[in-house]
Amino acid sequence: MYNQHKILRVLRLITLLKTNPTKSIRFLSDVLSSTERTVYRYFALLAELGFSVEKDAFGHYKILGGNEDSYENNFTDEEVMLLKKLLLTAGKKTKLKDGILKKLYIQSSLNSDTNLLLKVHLNKIVDALNTAIKDKKQATLKKYHSTNSNSISDRVVEPIAFTDNYQNVIAYEVKTKTNKYFNIERISGVTLGTKNFQFEKLHVAHQPDVFGFPYNKKQYEVEILLSVRSYVLLKEQYPSTEKYIKKVKSGKTNSYCFKTKVYNLTPIIRFVLGFSDEVTVVGSPELKKALKEKFEKLVRG
């Protein structure tokens, strides 16, 4: 049973590291119910399996590529099925045959199996929240990992609606008396309560900005030029930014321009600070002011 749990943890770890956004060690250890030291041991195991676990500028981790993505000429699912059938009917049992079957299984099934594992977990969460919305019942988000407060805690909420891509649930949090956006992947589980909605008149469900922050009656326009590398990293970390990025001509080199309105400057400030040599702020007076204050604070510190 221990080995079974270990395998499931490693499969889930692969799935978490292959989905955006990047994950911290603390988040991974809490989701997997393991120690941080154990997570690092799992990283070593993934390296042996051929996965490249990379650390970003914020100290968070993700898998770049993987076994199934490391070759340009991978077999299609149909080709894999045919090869498996031919090998299984070949009759003679050899180590070479077993090795080929193992590699075919890893190539064709690992990605779908780990994705399925995550989907089952997320579907349970979405189903429970859907029930709470439909029945107008309060619910508890178990062990929710907040990147804003860098804390993990249970949250009692009144779920209102999902964002368009089901990445977040919009809910009224009872303790703070505010409408918030909770990332589905950061919810460990959902417990349905017995209390009916008590604050329905205060429910507000605006769509979040590209960084996932809720509408708070104030907007900031941001405009920055990106290098190729910073452009790729921005859209990987925050997929919703891609439709607001355009390729532009800057001097003798091509670069990219990201321009939109956001409800919170924190994510873009962190990104600019992390890639200061590859990002130029060309508009956004409020962003420039916030960055200047941040730099001055860093120098004084």
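For the reader, a short list of remarks on this structure follows.
- In a reduced charge model with +1 at each Lys and Arg Cβ and -1 at each Asp and Glu Cβ, the stretch 132-202 shows a dipole moment near 220 debye about its Cα centre.
- For the stretch 202-240 versus the stretch 133-160, the spacing of their alpha-carbon centroids is 22 Å.
- Using a simple spin-label model with pseudo-atoms 7 Å out from Cα toward Cβ, Ser276 and Ala47 lie 3.0 nm apart.
- Based on every Cα atom in the stretch 132-202, Rg and the maximum pairwise Cα distance Dmax equal 11.3, 31 Å.
- Semi-axis lengths, largest first, of the ellipsoid equivalent to the stretch 220-300 are 20, 14, 12 Å, with √(5λ) applied to each eigenvalue of the Cα gyration tensor.
- Based on Cα contacts under 8 Å between residues 6+ apart, the stretch 132-202 shows a relative contact order of 36 percent.
- Amide H within-cut-off set for Phe275, under 5 Å, with H built and near neighbours excluded: none
Throughout, read-outs are computed from the coordinates displayed, never taken from laboratory work. What you are looking at is a predicted structure, and each value in this text was computed from that prediction instead of being measured. Every residue, glycine among them, receives a Cβ derived from its backbone with ideal geometry; neighbour counts consider all protein chains shown.
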